[in-house]
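Student: One structure coming up, written as C-alpha cells, with questions to follow.
The values are calculated or read from the model by the stated rules, or taken from the named source; none is laboratory data. Being a predicted model, the structure only gives us computed values, none of them experimental. Note: ideal-geometry Cβ built from the backbone for every residue, glycine included; neighbour counts use all protein chains shown.
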C-alpha cells in the first residue's frame with residue numbers, strides 16, 4: 001500500500017541530497033518539534049534537545065527499514081560509532097529543516113493538502129460518486145501503522161519541505177559562459193607516451209628475510225586474527241496458518257515465560273511445546289554464510305542478543321524475540337571462542353606474499369624515480385616509452401585521476417615534458433607529454449551533461465551556504481559525542 005507515497009519521498013530526498021542533506025525516511029513532525037525526555041543530550045537546537053535515547057530509537061528504526069529492504073546487516077556495524085553518527089546527522093538535518101519551516105511561518109492550507117492527497121492513486125480511488133470513503137481511508141493508514149493525524153501531518157511537512165528546498169534551488173544561478181570554459185578545459189587533448197614500473201615486474205627480484213616477515217606480522221597482527229565465534233542452541237515457534245491468532249498469542253506468552261523462568265536450558269520449553277532444539281556452530285558477529293538469509297541466526301536482532309556479553313558469560317536463554325511476523329525464537333550460547341591471533345607459521349605464505357609485494361613496490365618506485373630524473377635531463381629521448389596516444393579529461397583512456405592531473409598540469413611552453421604519477425595497486429608510471437590540441441568538434445551531448453552537473457554544483461553550493469546560516473540561526477550546539 002501507499003507505494004506512490006514512498007516513491008514521492010525518494011524524489012524529495014534526492015533533492016535534499018543535492019543540498020548536502022542526508023536522505024532520510026520521515027519520522028514524524030512531533031519528533032522534530034519537542035524534547036522527548038531527559039536522557040543525555042547530544043545536541044541542542046532552538047531550545048530543544050536531541051537525546052541519546054532518540055538516537056537509539058532512530059538507529060533501531062533505520063535497522064528495521066534496511067532489513068525490510070532485504071539488506072543483510074552486521075550487528076557490529078549497527079552498533080558502530082560511524083553508523084550512529086550517520087543517523088544522528090540525519091536527525092540534525094531534519095530538525096534544521098523543521099526549524100526553518102517554523103521560522104518562515106509557512107503553512108499548508110486545507111485546499112493544498114486536499115489537492116496533494118488526491119495525487120496519491122491509493123487515495124484517489126476512495127472518491128466514488130463525489131463521496132470520500134473515510135472508513136477505508138483509516139483502514140489503509142492503519143495497515144501502514146499510521147493514524148490520520150500522523151499521515152496528514154507528514155504530508156504537510158513534506159509539502160513545506162518541498163517549498164523551502166525549491167526556493168533555495170531557485171536562487172542558484174549558473175553561468176553558461178563558465179560552463180563552456182570548463183567543457184573546453186575537459187576537451188583539450190595532450191599526446192602522451194607511458195612507461196610503467198609495476199610491482200609485478202619486480203616481484204621475482206625480491207626475497208623477504210625472516211626478520212622482515214616477523215616485523216610485518218607483528219605490525220599487522222590485527223589482520224591475522226581468528227574471528228570471535230559462538231555455538232548457539234535455539235528453539236523456534238512458528239505460527240500455523242490454521243492457528244487462531246489468540247491461541248498463538250497465548251502460546252507465544254507461554255513460550256517466552258518458560259524460557260525466562262528456566263533460563264539454564266531450552267529443554268523445558270522445547271518439551272512443553274513439543275519443539276525441536278536446533279543448534280548452529282561457528283557463528284560470527286556478521287552471521288553465518290552457509291545459512292539462508294532468512295535463517296534466525298542471520299537476523300541482526302538475534303545476533304545482537306546472543307553476542308551480548310551477559311549472554312556469552314552467563315550461557316542463559318536470551319529474551320524471546322519476534323524475528324518476523326509469526327516467528328518467535330529463544331536462543332542461548334552453548335560455546336564461545338574469543339578472537340585470537342593466528343600463529344605466524346599458519347599464515348606465513350600470506351605474510352610472505354604481502355611483504356614481497358611491498359618490497360617489489362619499493363623497488364619499482366626506486367627504479368621509476370631513477371628513470372624520471374634521467375628523462376627530465378633528456379626529455380627528447382623517448383626510449384623505453386610506449387607508443388604515443390591522445391588523452392583528455394573527457395577521454396582519459398586507461399589513466400587514473402592522478403596521472404591525468406599530472407599530465408594536464410604540464411607547462412605547454414616546455415614541451416616535451418616528463419611527469420610521474422602513482423599506479424593503481426602500487427608502483428609508478430612516467431608520462432612523456434609531447435603535443436597539445438583542441439578537438440575540431442565538440443560533443444553536444446557531453447557538453448549538455450557537463451552544463452547540468454555545473455548547475456547542480458552551483459545549487460549544491462547555494463544550499464550549503466543557506467543551511468550553514470540555518471545552523472547558526474537555530475543555535476545548533478553539540479553537547480556530547482556519540483558512543
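Student: In region 422-439, what residues are touching a strand residue (DSSP E or B) at 6+ places or on another chain (Cβ under 9 Å) and either outside any strand (DSSP E or B) or under 27 Å from residue 199 (Cβ atoms) (or both)? Break it down stepwise before answering.
Tutor: Here is the first cut: in region 422-439, the residues touching a strand residue (DSSP E or B) at 6+ places or on another chain (Cβ under 9 Å) are 422-423, 427-439.
If the condition is that a residue be touching a strand residue (DSSP E or B) at 6+ places or on another chain (Cβ under 9 Å) and either outside any strand (DSSP E or B) or under 27 Å from residue 199 (Cβ atoms) (or both), then 422, 423, 427, 428, 429, 430, 431, 432, 433, 438, 439 are the ones that fit.
One line per residue, one yes/no per condition, for (1) out of contact with any strand residue (DSSP E or B) (no Cβ under 8 Å at 6 or more places or on another chain); (2) surrounded by 13 or more Cβ atoms within 10 Å (Cβ to Cβ); (3) not in a strand (DSSP E or B):
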{"site": "398", "(1), (2), (3)": "yes, no, yes"}
{"site": "406", "(1), (2), (3)": "no, yes, yes"}
{"site": "420", "(1), (2), (3)": "no, yes, no"}
{"site": "451", "(1), (2), (3)": "yes, yes, yes"}
{"site": "455", "(1), (2), (3)": "yes, yes, yes"}
{"site": "465", "(1), (2), (3)": "yes, no, yes"}
{"site": "483", "(1), (2), (3)": "yes, no, yes"}
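Student: Out of the residues in region 247-264 that are surrounded by fewer than 15 Cβ atoms within 10 Å (Cβ to Cβ) and farther than 16 Å from residue 321 by Cα, which is modelled with the highest pLDDT?
Tutor: Residue satisfying both the conditions and the ranking: 264.
Residues are listed down the side, and each one gets a yes or a no for (1) touching a helix residue (DSSP H, G or I) at 6+ places or on another chain (Cβ under 8 Å); (2) at pLDDT 85 or above; (3) farther than 30 Å from residue 471 by Cβ:
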site: 92; (1), (2), (3): no, yes, no
site: 109; (1), (2), (3): no, yes, no
site: 112; (1), (2), (3): yes, yes, no
site: 115; (1), (2), (3): no, yes, yes
site: 122; (1), (2), (3): yes, no, yes
site: 130; (1), (2), (3): no, no, yes
site: 139; (1), (2), (3): no, yes, yes
site: 145; (1), (2), (3): no, no, yes
site: 152; (1), (2), (3): yes, yes, no
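Student: Also, quick follow-up: If I filter region 32-46 down to residues being surrounded by fewer than 17 Cβ atoms within 10 Å (Cβ to Cβ) and over 23 Å from residue 156 (Cα atoms), which single residue comes out as modelled with the highest pLDDT?
Tutor: 44
Student: Let me ask another. Surrounded by 15 or more Cβ atoms within 10 Å (Cβ to Cβ) and in contact (Cβ under 8 Å) with a residue 60 or more places away in the chain, is that true of residue 311? Spell out how you get there, then give the answer.
Tutor: Working: surrounded by 15 or more Cβ atoms within 10 Å (Cβ to Cβ): yes; in contact (Cβ under 8 Å) with a residue 60 or more places away in the chain: no.
In short, no.
Student: Just one of the numbered conditions (1) modelled with pLDDT of 85 or more; (2) more than 15 Å from residue 161 (Cα to Cα) is not true of residue 105; which one?
Tutor: Just one mismatch for residue 105, condition (2).
For every residue, the table says whether it meets (1) in contact with a helix residue (DSSP H, G or I) (Cβ under 7 Å, 6 or more places away or on another chain); (2) touching a residue at least 40 places away in the same chain (Cβ under 8 Å).
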{"residue": "400", "(1), (2)": "no, no"}
{"residue": "410", "(1), (2)": "no, yes"}
{"residue": "416", "(1), (2)": "no, no"}
{"residue": "425", "(1), (2)": "no, yes"}
{"residue": "428", "(1), (2)": "yes, yes"}
{"residue": "431", "(1), (2)": "yes, yes"}
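Student: Another question about this same structure. Would you be able to say whether some residue in region 59-66 is assigned to a helix (DSSP H, G or I), at pLDDT 80 or above, buried (at least 17 other Cβ atoms within 10 Å of the Cβ) and in contact with a strand residue (DSSP E or B) (Cβ under 7 Å, 6 or more places away or on another chain)?
Tutor: No, the conditions are met nowhere in region 59-66.
Student: Specify which of the listed residues (167, 200) is assigned by TED's automatic domain parsing to the domain that holds residue 370, part of a helix (DSSP H, G or I) and farther than 30 Å from residue 288 by Cα. Working first, answer last.
Tutor: Values: 167 fails: assigned by TED's automatic domain parsing to the domain that holds residue 370.
Step by step, each of 167, 200 is checked, and only 200 is assigned by TED's automatic domain parsing to the domain that holds residue 370, part of a helix (DSSP H, G or I) and farther than 30 Å from residue 288 by Cα.
Student: All but one of (1) surrounded by 14 or more Cβ atoms within 10 Å (Cβ to Cβ); (2) part of a helix (DSSP H, G or I); (3) modelled with pLDDT of 90 or more hold for residue 460, so report the exception by its number.
Tutor: Failing condition for residue 460: (3).
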